[in-house]
Each structure stands twice: as structure tokens, then as C-alpha cells.
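> Attaching a single structure in C-alpha cells format; questions to follow.
The values are calculated or read from the model by the stated rules, or taken from the named source; none is laboratory data. Because the structure is a prediction, the values reported are computed rather than measured. So basically every Cβ, Gly included, is an ideal-geometry build from the backbone, and we count neighbours across all protein chains shown.
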Amino acid sequence: MNYFVTGGTGLIGRHLIERLLERDGVDDVYVLVRAGSVDKLAAQVDRLEGGERVRPVIGDLALPNLGLPDERIAELNGSVDHFFHLAAIYDMTAGEEHNRVANVDGTRHAIALANALDAGTFHHISSIAAAGRFKGLFREDMFDEGQKLDHPYHRSKFESERLARTQTRMGWRVYRPAVVVGHSQTGEMDKVDGPYYFFKAIQKLRSMLPQWFPLVGPELGYTNIVPVDFVAAAIDHIAHQPDLDGQAFHLADPRPLRSGEAMNEFARAAHAPQLTIRIDRRLTQALPKGTISMLMKLPAAKGVRRSLLADYGIPDEIVDHIALTAQFDTRDTERALEGSGIEVPPLSSYATKLWDYWERNLDPDLYRDHSFEGAVNGKTVIITGASSGIGRAAALKIARAGGIPLLVARSADKLEETKNEIEALGGTAYVYTADLSDTAAIEQLTERIFADHPAVDVLVNNAGRSIRRSIALSYDRFHDFERTIQLNYLGTIKLIIQLLPHMRERRVGHIVNVSSIGVQTNPPRFSAYVASKAALDAFTRVVGSETIGDNVSFTTIHMPLVRTAMIAPTRIYDSFPTISPDEAADLICEAIRSKPKQINTRLGTFGEVAYALAPKAVDQILHMAYKVFPDSAASKGAVDPGEHASTEQVALAHLMRGVHW
């Protein structure tokens, strides 16, 4: 028994070859490969028992007779019992020409070769995409039902299947796999495709929210997912059954899932939050006809959609084709597989394997330059509040990575100490003293910086002032609010405004604002501090939308409680869980490296969402904390060496780790 296989190095092809080699009476498996892929095929079959029976055939899908010379065709003539044509592209982002050359012309050339070889049976691997936008039950004996074929890939699969049905001189069989994912036992997959496009979004949600957090999202419709090992096993089995020529077989799950259910299976596998409430797309379809499509044609709406999808690595081209409009009958396939033990396993039984393989091998972030060094090397970075604490730690990390920190603070001697330490490590740093609560001083600061440096790439607004004092103790201390807002908000935006024209003109710039978890959780006694940081957050959100077109971006870090000199006067913090200045500096470095819109803790995000959903309940919880954590001696202008945290305070602080109380 001899076989000829195109697409043998592809996902389905290599699993099919493995199945063919396991059969008794197999002589040779001829596999079409380009000259440059011979080594790839050899490495693939080297681990297979009977791999020595795989014979590479040099050729090209784009050439007549797949590029085989006449003498090679003569050698193989009459010796091929089964011709499997799998070579094709499955890429919803590919254009018309690419689909035509690979899928339509490639099939035409494969059929011509199979006819020239006088092969036994032609097995064409098509796709359920041949059904296009058919609505209703699509049977296996259906083909041309006048279905809408509004995507180049759908058209190419339809046309290639037509060729297989009409141009072959021998018996033919067509196989229409559903959405093919990795191996159900190993998770092995060769590329990011289909549902894998949404894995990055699941991963990001996992990093932002606890697993138990309920999500609300759209229910787009039905999908149909099958693992590659089922597809290969089904093709192999059906191909060797008698009296099945002239038929098509849907290699699909007879129990299709809604897209939301499928995503929840993967979310469970990833230990990520799930869609608890799924909004049926029919709600949007109830709007006047064309409303949504008209809105999405607006340039602004297109930009928003592209930006949102790009954040999660989802191609814009696939979104409108996620939901299947047809349901696929599988009765002929089930009859052909009866007694074989070959059936589609439930997604729940192997979703974890798919997720694990993706996260270890296919996650696009694995192949990007993730190094902080790559992001900051040679870049000029202004760091305010750089004389101590978080700012000093960040400056050292930036300098070690090859960045050039410009150290800004009021204290020249401490800045010089930081600079000397950086230079001792082989780095470069510059010192600039300035009072950042004085707008005139900020203007002078930027004049000096631009006189010394041709460009500023990054600004880290780290300098700040915190005041912990209840409103009851603040009635006669309006200056607390004035001085806090002056540094944390007005001084910061003055510095941003001084730099923005320069960054926008160069079309390069990133601004990191060190905000507070308090903006998300609204802890009592921090009205002055939280208000100043909230104002900066609001400014950043507004201005960020104006500058993104100039490639100038902002990151807001909602920093949890950090053990610095700023919290030292509040003695109860001595027993509270905090992060170190070094850990806080790591967050700044991550902001510079990956440029996210925000860096949050899970507790901070939960606090923000909880307040949006149940503000009165949150007020009651915070009032309880207000009672548990009294005003400190320092807030009353006193010193109490015996002040310490109670057991109740420590317990609550650990329960709500990182919140300023």
C-alpha cells in the first residue's frame, strides 16, 4: 500500500502520516515537500516507528503537477493507492490572492498530479468553511446551496472542493474539519489560530482579577472545536473503508458549544475569571437594521475596535467570523466511524492541555524581547523623587540596564550619592535639583535638561507627598490640601506639559505616573492625598487619548503600600504588610518595559469594581476600617513612642494587603 501526501509537515498532515505508518502492509508514504523543508520532514519522521518508509518528493504547490518532472511522474505512475491533499493555508487574515494561489490553484495542481499518477482514491481535506454563511443545518451531502461566501478563505475552500468533486478521474472523498486545535493528549499545536487568538485576553484577565470574579460579556453564537488527533484518526479510518467514494464527511463535534462556553472552558483551564453573564447577540440584532454596521464604519469606531483588539493580539479580520451561522450534520461521519472507537472528546477533557501547551510554547510574548535592557538601553529617563526610596531604587535599575537617569529632587547631596553609586557600577547619571511644588522652578529645570540633552524619552513622576489625617482633624488645616495638590497634581502636570511638546514633535515618549491603590479603594483619612492622585489619574486618562496618535503614551501605577520614609510617622505601619522600594521600582521598570495603560493590584481592581457596583456597601466596609484604624499621634502633631498596631489592625491589614489605612 502506497500513499502520496501533500501538506505532510502541517498540523493535520504529520499526525495523519503517523497513523498511516501504523497500518499493516504500508510500503511507502510519499510526502511532497519544498527543497528547503526536507530536513524539517526528516526531523519530524525520525521519531516515528517506520519513519524510514517516508519518501520526500521535492515539489511546489504553486506549480503544475506540483512541480514534479515527467520522469518522476513516470516512476510513480500506477503505484499510489491513496492521494491525500492537505496542503493549504488556514489564515483568516490572508487576502484573496494568497488564498487563491495556495488553496485553489494548489488543489488544481494536486488533482492534475493525482490524475497523471492514475492514483487510487483522491482524499481532499476541505473545511466547514465551504458552507460559508449558510444558515441552518448543513448536511454532509450539501455543497452548493447558494450560501454567502463573503470571506476569501471561505471562497477558496468552496472552489477547491468543487475542483475535487469535478476534476478528479478517480474516486474522491472530501473531509470537512471544524475548527482544529491541538492534540487532546499532549496539547501540541503549531500556531496561534482560531480560539487561541483569545488566550492572551484570558491571560491578561487572569493577571488583573481573581479567578472567582464574575465577568459580563457577549455571547457571539455557536462554535465547533475538534482536536487534531481526532481529525487525523477519522481521516485515516474513513479513507480505508470501502464504498464511501463520492461523499463528504464533517469532522465536527456533534455537540457544538456556544462561543462563551468554549471560552469559559479555556478560562477554567487558565484559572482565570469566567463569563458568568453572557449577553446574547440577538439583543444587538434587535436594533434597527444596519445600526451596528453603520456605526462600525465610522473611522473613530474602527480605530477604537482595532486598538482594543490589538491590545489582546486579536486580528480584526476574524471577529466577524467567530460565530458559525450553520450547524453541521455528522451522521455520515458517525456511521463511517462506528465501531472504531474514534469520537470527538469533550473540550472540558483536554482544554487544560491546550492551554498549558500554548502558555509554554505559543504565547507570542515568549518570542518578543522582554528584557528591560532592550526597552531602556540608551534612553534618557527623568526620575523625580530620585534621592531616596522608590525613585533611587528605580534609578539604579535603569542605569544597570543601560538607561541614562536624570535624577531630580530637592536634596543635592543625596542625589549626588545616588549618582556616585550609579557611576561606580559603570553607569551614567545626571543630577538636577528642583522644588517640584514651584512651577517656576519646573520651567528652569526643563530648560537645564534640554540644554544638556537632545532628547527625553521617558518621564517617571515619582515625587509625592502623603498626608494621613481624618477630615475631623483637618477643619483648620486647609493648607494640607493645598500643599498636597501643589506637588502631587499641579507640579506633576506642569512637568508633563513642559515635556509633551518635545515628545509629540519627536513622536516618541512615555510618561509613568506613580499613583496609589488609594485611588481605587478610597481608604479613610487620605482625602487630601487620594484626591490629588485621583486628579492626576483623571488628567492622564484625558490627555492620553489626545497624545496616543503621536506615539506618546502614559502608564499609571496604582502603587500599594511601600515601606519608605513617607509612611514612617504612622507607627502602626511598622506591623503592616508592605512592599519594599526595590519591589516598587520593579513596577516602574515594568511600566517602562511594556508600557501598559495601568499597573494595578488585584485588590485595587476589585475595590474599584466593587465601588462601582455597590458604593453604599463599600462605604460601610470602609467606615468599619475608619473605626479600626484611628488617627495617628503624628496626625495630631504629637509623638507617641508606644504607638503600635493592635491584633485586629494587623489582621485587617493582612486581609487587605497593600491598602493604606
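> Among the residues of the range 221-237, is any surrounded by fewer than 16 Cβ atoms within 10 Å (Cβ to Cβ), under 30 Å from residue 130 (Cβ atoms) and either more than 19 Å from the chain's Cα centre (by Cα) or assigned by TED's automatic domain parsing to the domain that holds residue 356 (or both)?
Checking the range 221-237: not a single residue is surrounded by fewer than 16 Cβ atoms within 10 Å (Cβ to Cβ), under 30 Å from residue 130 (Cβ atoms) and either more than 19 Å from the chain's Cα centre (by Cα) or assigned by TED's automatic domain parsing to the domain that holds residue 356 (or both).
> For the range 170-202, how many residues are surrounded by fewer than 21 Cβ atoms within 10 Å (Cβ to Cβ), out of contact with any strand residue (DSSP E or B) (no Cβ under 8 Å at 6 or more places or on another chain) and closer than 16 Å to residue 265 by Cβ?
3
> Oh, and also: Just checking, how many residues over the range 584-599 are under 14 Å from residue 383 (Cα atoms) and under 16 Å from the mean Cα position of the chain (by Cα)?
0
> Among the strands (runs of 3 or more DSSP E) confined wholly to the range 174-269, which include 3 or more residues that are more than 17 Å from residue 356 (Cα to Cα)?
So the answer is 215-219, 247-251.
> Still on this structure, please answer the following. Are any of the residues in the range 6-20 of a type in the set (Asp, Glu) and surrounded by fewer than 16 Cβ atoms within 10 Å (Cβ to Cβ)?
For the range 6-20, residues of a type in the set (Asp, Glu) and surrounded by fewer than 16 Cβ atoms within 10 Å (Cβ to Cβ): absent.
> Can I ask one more? Given the options 25, 36, 67, 50, name the one that is of a type outside the set (Lys, Arg) and in contact with an Asp or Glu (Cβ under 7 Å, 6 or more places away or on another chain).
67
> Which ones in the range 577-610 are of a type in the set (Ser, Thr, Tyr) and farther than 20 Å from residue 206 by Cβ?
Result: 578, 580.
> On to the next question. Within the bounds of the range 454-461, is there any residue that is over 32 Å from the mean Cα position of the chain (by Cα) and either surrounded by 14 or more Cβ atoms within 10 Å (Cβ to Cβ) or not in a loop (DSSP other than H, G, I, E, B) (or both)?
No: zero hits.
> Please list, ordered by residue number, the helices (runs of 4 or more DSSP H) wholly in the range 482-565 having 3 or more residues that are in the same structural domain as residue 599 (by TED's automatic domain parsing), under 30 Å from the mean Cα position of the chain (by Cα) and over 28 Å from residue 579 (Cβ atoms).
Here the list reads 492-506, 527-547.
> When the range 116-132 is examined, which residues are found to be over 21 Å from residue 98 (Cβ atoms) and in contact with a Lys or Arg (Cβ under 6 Å, 6 or more places away or on another chain)?
123
> Take the range 41-61 and flag every residue that is loosely packed, with under 13 Cβ neighbours inside 10 Å, part of a loop (DSSP other than H, G, I, E, B) and within 35 Å of the chain's Cα centre (by Cα).
Matches in the range 41-61: 47 only.
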